Amino acid sequence: MFVGRQQELKKLNMMYESNKFEFAVIYGRRRVGKTTLIKEFCRGKKSIYFIAREANDLMNIENFSSDVFAVTSKESDGNVYFSNWEKAFDYIYKISHDERIILVIDEYPYLAQSNRAFSSILQAHIDMKLKNSKLFLILCGSSMSFMEYQVLGYKSPLYGRRTAQFKIKPFTYYESAELLTGFNNEEQAVLYGITGGIPDYLSRIDLKLSVKENIENLFLSESGHLYEEPSNLLKQELREPATYNGIIAAIANGASKLNEIATKNGIESNKCAKYISALMALGIVKKDKPLTEDESRKSIYLLDDQMFRFWYRFIPGNMSIIATGLSDIVYEKAIAPQLSNYMGQAFEQICTQYLIRENGKLSLPFVFGRIGRWWGNNPNKKRQDEIDILAIDEDNAIFGECKWRNEPVGISVFHDLVEKSTLFKQYKNKYYFLFSKTGFSRELENAAVNMNNLNLVNLKRLYKK
């Protein structure tokens, strides 16, 4: 079943219908569904799909030859190979001159690394021949830093040649729910919170089992699909996985400032910053700052990948118990009591996505241009305050509070949010959104009836189509 990616698919099909040379760059972290999207797009169309290997140039060109001739020459016995890439692209030009054909090169970074001149060779053929053909070229890669700098970057030989680019992101909580039919809204939110909306992880969830059983099967078993997933991803993408592992662990355990993270790992801040940049390029770590602040000294680092957050929070400290097969005890003693607290950050992400979705539907009081979190000094109360969600334009602001609790949200939460909003005198119109897992008190619901700037959003409303 193909879920989501409708905008990307629509754009690709529009490009296909142009019947002229097109060059799309598709990239994103591993397991995010790039290949699934491309295969869905190629369905029913004449296409060559080549996956580059982490091998030498000769092996890649032989594999490329086999994939090309398997589609274009039924008489080929599989033993005919191009002698070089120039000959290969001459042939591609010949077969695509009068006929629409898609050529996909997946794991492009492997190919470019096995032949440092490959991007230049491809660029020359695009400029001299392919741009006059009906070829639809797709370059795809999981190494986001490589694709952004070595393919899309202005120093790349391919700079300016692409006609579209697609950075494939994890599913939103709303898209994830399409793969989680049978679970209620709370369960869907929890499963989103532990998978981060990565399609491959969502596809591993057994719809016949409970949330608890799925967590045990995926994370709390040595044979579980996600038991070693973070370690495997770090080994695939980075040269010093042990160092990166320490940095991620430090952030997962509460270190959020650069000097704290560096100190916990015994490395210099400048060096630590480079490691963190690599993790940010992979979408594992994000740099956050108060929405209205431009000062970098207030910046903090958080784990952006929810699966990494869950894994580093609950797995490393329980590996010995997991090894003995006592997954049930790990869940009941370590995970279940802390799951509500863990879901706080994930729920903020869900609520932010909700506002972005509603913003796109023009169903909010105004169209905001920026959205994020805020924290800072409250001189009125002489304390540090936080606002879960702040969305703004020039004259308007939305203040959001997100509560993943087992009891209804009361009116005191609303009053606290209003008090915090008085710190922002620059906004003429202020709107308040309260999000709650368990609903709202009768007093708060009655107050909302008489206020046009107070919105109460429960799980049912979050998931409403």
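Brief remarks follow.
- Amide hydrogen proximity for ILE389: with H placed 1.01 Å from N in the peptide plane, the residues at 5 or more positions away or on another chain lying under 5 Å are GLY400.
- ³J(HN,Hα) computed for each position of the stretch 174-181 - Karplus, 6.51 cos²θ - 1.76 cosθ + 1.60, integer Hz, glycine/proline x: 6, 5, 4, 4, 5, 9, 10, 5
- Area of CYS402 that stays accessible when all protein chains are in place (1.4 Å probe, Å², to 10): 10 Å²
- Residue-wise HN-Hα couplings along the stretch 110-115, as the Karplus relation 6.51 cos²θ - 1.76 cosθ + 1.60 with θ = phi - 60° gives them from phi, are 4, 5, 5, 7, 7, 9 Hz; Gly and Pro carry x.
- Against the set [x] 44, 26, 23; [y] 84, 35, 18; [z] 33, 29, 22, the structure's computed semi-axes √(5λ) of the Cα gyration tensor in Å falls on [x].
- Measuring gaps between exposed loop sites in the chain (GluC sites (Glu not before Pro); DSSP loop; at most 16 other Cβ atoms within 10 Å), the longest gap, sites not included, is 100-221.
- Across LYS212/LYS437; LYS274/LYS403; LYS289/LYS403; LYS129/LYS155, pairs whose alpha-carbon gap is larger than 24 Å: LYS274/LYS403
- Each residue was assigned an accessible area with a 1.4 Å probe, and for TYR149 the value is about 150 Å².
- Principal-axis tilt of helix 85-96 within the chain, Cα atoms, nearest 10 degrees: 90 degrees
- Checked against a 24 Å cut-off, the cross-linked pairs LYS298/LYS333; LYS34/LYS264; LYS11/LYS46; LYS286/LYS428 give Cα-Cα distances beyond that limit for LYS298/LYS333; LYS34/LYS264; LYS286/LYS428.
- Rounded percent of accessible protein surface that carbon and sulfur make up, the chain, 1.4 Å probe: 46 percent
- Distance between the C-alpha centres of the stretch 390-465 and the stretch 306-348: 30 Å, rounded to the whole angstrom.
- Here the scattering of the stretch 346-465 is modelled by Debye summation over its C-alpha atoms, one equal scatterer each and no solvent; at q = 0.12, 0.20, 0.22 Å⁻¹ the log10 of I(q)/I(0) is -0.41, -1.21, -1.45.
- Charging the Cβ of each Asp and Glu at -1 and of each Lys and Arg at +1, and nothing else, the dipole of the stretch 227-321 about its Cα centre rounds to 180 debye.
- Accessible surface ranking that places the most exposed of ARG239, ARG297 first, with a 1.4 angstrom probe: ARG239, ARG297
- Converting phi to 3J(HN,Hα) with the Karplus coefficients 6.51, -1.76 and 1.60 and the offset θ = phi - 60°, the stretch 224-240 yields x, 4, 9, 5, 10, 4, x, 4, 5, 5, 5, 5, 6, 9, 10, 7, 10 Hz in sequence order, with x at every glycine or proline.
- Net charge dipole, the chain: roughly 960 debye, given to the nearest 20, about the Cα centre with Cβ charges of +1 for Lys and Arg and -1 for Asp and Glu.
- Percent RCO, i.e. relative contact order, over the chain, from Cα pairs under 8 Å lying at least 6 residues apart: 11 percent
- Taking amide H as placed 1.01 Å from N in the peptide plane, LEU103 has its amide H under 5 Å from the amide H of ILE48, PHE136, LEU137, ILE138, each at least 5 places away in sequence or on another chain.
- Among the trypsin sites (Lys or Arg not before Pro) in the stretch 384-448, those located in a DSSP loop and surrounded by at most 11 other Cβ atoms within 10 Å of their own Cβ are LYS425, LYS428.
- Cα centroid of the stretch 112-168 to Cα centroid of the stretch 24-90, whole Å: 15 Å
- Cleavage-rule hits (trypsin sites (Lys or Arg not before Pro)) in the stretch 62-122: DSSP loop, at most 12 neighbouring Cβ within 10 angstrom: LYS74, ARG116
- Per residue, in Å², the accessible surface of the chain once ligands and nucleic acids are set aside, probe 1.4 Å: 48 Å²
- With the whole protein complex present, MET144 retains an accessible surface near 10 Å², based on a 1.4 Å probe.
The values are calculated or read from the model by the stated rules, or taken from the named source; none is laboratory data. The shown structure was predicted, so the numbers you read here are calculated from the model rather than taken from an experiment. Glycine gets a Cβ as well: all are built from the backbone with ideal geometry, and neighbour counts include every protein chain shown. In case anyone asks, the SASA skips ligands and DNA or RNA and just uses the protein heavy atoms, side chains included. Shrake-Rupley method; radii C 1.70, N 1.55, O 1.52, S 1.80 Å.
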